[in-house]
Amino acid sequence: MAERKPAGVDFESWVDRKIREATERGEFENLPGAGKPLPGAGNPYHDENAWLRDYLRREGVSGDAMLPPSLLLRRDVERLPETVRDAGSEAEVRSTVTELNRRIVDWLRMPAGPQIPIAPVDADEVVREWRDNVAGAPGATTAETVRDSGRPGRDEHTPTAVPRWRRIFRGR
């Protein structure tokens, strides 16, 4: 057990005496990191969240874990075309959109974090964009060979309603 500070001794002088005695005994010799600079010393960009940034980097965790659910959902909606680009079938695209829509509806029922306007994604529109990308890809055949679920797609000339949140944030 550690020795207790005597009652009549000043705390600072007692701590200084303990450090001096430990140095004389050689307890501070051959410590790991001895003679090396402190990590981040001299870094002009040091803020109160530097420890968090270093922890995430050290643990190999992305910063997405720190985002609120509404921002994660918004990011997933924006990245949906890249997510479904490598899908092998229309059913896989619809499954991805269905899962995202389920998460959006769950958040809409019990919103947490910043209130960002998010609406479920139109699966038919995503499938149509996916078909257009697959049909335009080199080595692709026709869109009919890509469609494997048998669901009829929308007519290409039928106007689709633009979700309200896209109209609001279009200019940003």
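The values are calculated or read from the model by the stated rules, or taken from the named source; none is laboratory data. These figures come from a predicted structure and were not determined experimentally. In this analysis, Cβ positions are derived from the backbone assuming ideal geometry, glycine residues included, and neighbour counts consider all displayed protein chains. Please note that ligands, DNA and RNA were not included when accessible areas were found on the heavy atoms of the full protein model with its side chains. Shrake-Rupley method; radii C 1.70, N 1.55, O 1.52, S 1.80 Å.
General observations
- Among the residues of the range 19-48, those that are surrounded by 10 or more Cβ atoms within 10 Å (Cβ to Cβ) and either in contact with a helix residue (DSSP H, G or I) (Cβ under 7 Å, 6 or more places away or on another chain) or within 30 Å of Met66 (Cα to Cα) (or both) comprise Phe28, Gly40, His46.
- Restricting attention to the range 51-73, the residues that are among the small types (Gly, Ala, Ser) and in a loop (DSSP other than H, G, I, E, B) total 2.
- Residue among Ala91, Ala22 that is under 16 Å from Val126 (Cα atoms) and either in a loop (DSSP other than H, G, I, E, B) or of a type outside the set (Lys, Arg) (or both): Ala91
- Any pair with Cβ under 8 angstrom, 6 or more apart, that starts in the range 108-135 at a residue that is farther than 23 Å from Val84 by Cα and ends at one that is hydrophobic (A, V, I, L, M, F, W, C) and not in a helix (DSSP H, G or I): Leu108/Ile118
- Screening the candidates Asp64, Asp54, Asp76, Asp47 for the property of being at pLDDT below 85, within 11 Å of the chain's Cα centre (by Cα) and not aliphatic (A, V, I, L, M) yields one hit, Asp64.
- Test for Thr98: is it modelled with pLDDT under 80, surrounded by 10 or more Cβ atoms within 10 Å (Cβ to Cβ) and at negative phi: no
- Out of Asp86, Asp106, Asp76, sole residue that is touching a Leu at 6+ places or on another chain (Cβ under 8 Å) and under 30 Å from Asp124 (Cβ atoms): Asp76
- Checking Asp76, Asp16 one by one, the residue that is open to solvent by less than 50 Å² (accessible area, probe 1.4 Å) and either part of a loop (DSSP other than H, G, I, E, B) or among the acidic types (Asp, Glu) (or both) is Asp76 and no other.
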